[in-house]
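The structure under discussion appears below in the form of structure tokens.
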Amino acid sequence: MLLPVGAFIAAFIVGIVYWLSKKRLSPLGELTLAVQNREFIVHYQPIVALKTHICVGAEALVRWRRPDGSIVRPDLFIPLAEESGLILPITDQVIQAVVSDLGKLLVADRGLHIAINLSVSDLKTGRFLSVIENALDHTGIHNEQIWLEVTERGLMDIESARETITAARARGHMVAIDDFGTGYSSLQYLQGLPLDALKIDKTFIDTVGRDTATSSVTPHIIDMAKTLSLVAVAEGVKTKEQADSLAALGVAFGQGWFFARPLPLEEFIAFYHQSKHQYGASPDVLPRMP
Ligand code: C2E
Ligand code: MG
Ligand code: MG
Ligand code: MG
């Protein structure tokens, strides 16, 4: 009789201590544990050719899936990950997830591309380059199929960013500047960087077709992309009217809720096959600047 009671009390105490330790974990402690336990998954938001609506790829968007099954959006943990340096192993996990999720599809369709978001520390260290190289090794996936997205913030340390971007492009990756128009980039600044594409931030897309101060700026951003020989990609396309106007203005690619939200893997694969069935295969060669 005594033994089971003792065991029960011991288990109870262990339980309480465990609960307390969980409760006391700081946000950084929790994030560190999440990295150790590989709790990151990737959702895929389709990117389409605006003229044909053919799906040419997807943007990989990280989510933290907690042990209780709840999903945490990147805006809530990326800043802490960047501050703490945990972003480096998170980027590794995103790259590895992309290859294991979509490896077969990327090999089967050379016209398909996946864009990966990079942070300031990724650009500073350039570590992701060897992570990509190792992940792609023997898979048959081409470097050209992996796009990289850098924000204007990521370009603040301009010299190391330039070096990393140059190395990435030399390997065949296409590099896009993300959220364009929300940061500080001057034309001169952009001119000096070896980039392939410019993603126009959704604040500029929201107003397309409307008569506002911002909507009059959007065509200038598109012209600037042309002048700099950058492929334009519109973010946050929400309506058919926006998609059509942007196509008419010469924007090559778009993504946004009008086409699809960021999708869990299975839903993205279904979207891709449906798009291929409806609109045809993705073009083999994408406009790539020399
Ligand atoms: P981002 O790279 O600019 O990604 C686009 C964001 O816009 C995504 O938010 C996407 O869900 C959202 N979005 C797409 N279409 C629409 C639309 O039509 N309307 C509106 N209102 N929003 C739309 P998400 O997935 O929450 O990601 C937020 C940001 O977190 C990303 O912005 C990116 O900066 C960062 N992020 C996401 N994944 C990663 C990652 O793997 N690594 C790094 N370093 N950052 C990431
Ligand atoms: Mg992005
Ligand atoms: Mg963006
Ligand atoms: Mg953003």
(request) Go through the residues of the stretch 88-97 one by one and say whether even a single one is within 25 Å of D137 (Cα to Cα), open to solvent by 50 Å² or more (accessible area, probe 1.4 Å) and away from ligand 2 (no atom under 14 Å from the Cβ). (result) yes
(request) Name, by its number, the condition in (1) among the polar types (S, T, N, Q); (2) loosely packed, with under 13 Cβ neighbours inside 10 Å; (3) at pLDDT 90 or above that does not hold for S216. (result) (3)
(message) Can you name every one of the strands (runs of 3 or more DSSP E) wholly within the stretch 143-212 that holds 1 or more residues which are in contact with a strand residue (DSSP E or B) (Cβ under 9 Å, 6 or more places away or on another chain) and open to solvent by 30 Å² or more (accessible area, probe 1.4 Å)?
(response) 146-151, 174-180
(request) Identify all residues within the stretch 219-244 that are in a helix (DSSP H, G or I), more than 15 Å from ligand 1 (Cβ to nearest atom) and not charged (D, E, K, R); write none if there are none. (result) P219, H220, I221, I222, M224, A225, T227
(message) Could you go through the stretch 237-244 and let me know if any residue there is surrounded by fewer than 19 Cβ atoms within 10 Å (Cβ to Cβ), over 23 Å from the mean Cα position of the chain (by Cα) and polar (S, T, N, Q).
(response) no
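Going by what's in this entry, would T166 be described as more than 16 Å from ligand 1 (Cβ to nearest atom) and over 22 Å from G57 (Cα atoms)?
Numbers: more than 16 Å from ligand 1 (Cβ to nearest atom): yes; over 22 Å from G57 (Cα atoms): yes.
Answer is yes for this residue.
The values are calculated or read from the model by the stated rules, or taken from the named source; none is laboratory data. Quantities reported herein were computed from a predicted structural model and do not represent experimental measurements. Here Cβ is always computed from backbone atoms with ideal geometry, including for glycine, and neighbour counts include all displayed protein chains. Side chains are part of the model used for accessible areas, which takes the heavy atoms of the whole protein and leaves out ligands, DNA and RNA. Shrake-Rupley method; radii C 1.70, N 1.55, O 1.52, S 1.80 Å.
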